[in-house]
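*Asks:* Please see the structure below; I have some questions.
Read the figures in this text as sums done on the coordinates, not as results from a lab. Not measured: the values here are computed from a predicted model. With ideal geometry, Cβ positions are generated from the backbone for all residues, glycine too; neighbour counts draw on all protein chains shown.
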Amino acid sequence: MAMTATPNTLAQFKTLTDAEDYLQFFGIEYDRDFVNINRLHILKQFSLLISEVDQAFPDVNETEKLEKYQLALEEAYQVFKTSSPLETKLFKVFQTKPKNFVSLDDLAKKAEGK
């Protein structure tokens, strides 16, 4: 008697919390060290992509939705293989310049002006 894999469900998906859990759920190969360094960024990007999937495809069935979520996770993982978290500016801390920040360029311009 052949064993068939039980298909993943949205209910199972909703119980996942860790980046590794999501990657394993979808059977995506990953580098543990890379995930350890980029975990929050991958999850944040994945969350944004899931929202886009849900908005763009509100009426797809569970299997199709999970397939789209898998593609979204693969994309989120790959984004940080090719660019840094600073370049993607996902988190607010990377988007705003602190009020008490003076750049070296600003200092150089002031020094030249005297």
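*Asks:* Restricting the search to region 7-36, which residues are of a type in the set (Ser, Thr, Tyr), surrounded by 13 or more Cβ atoms within 10 Å (Cβ to Cβ) and more than 13 Å from Leu66 (Cα to Cα)?
*Replies:* Tyr30
*Asks:* Hey, another quick one. Name the residues in region 36-49 that are β-branched (Val, Ile, Thr) and either assigned to a loop (DSSP other than H, G, I, E, B) or in contact (Cβ under 8 Å) with a residue 24 or more places away in the chain (or both), would you?
*Replies:* Ile42
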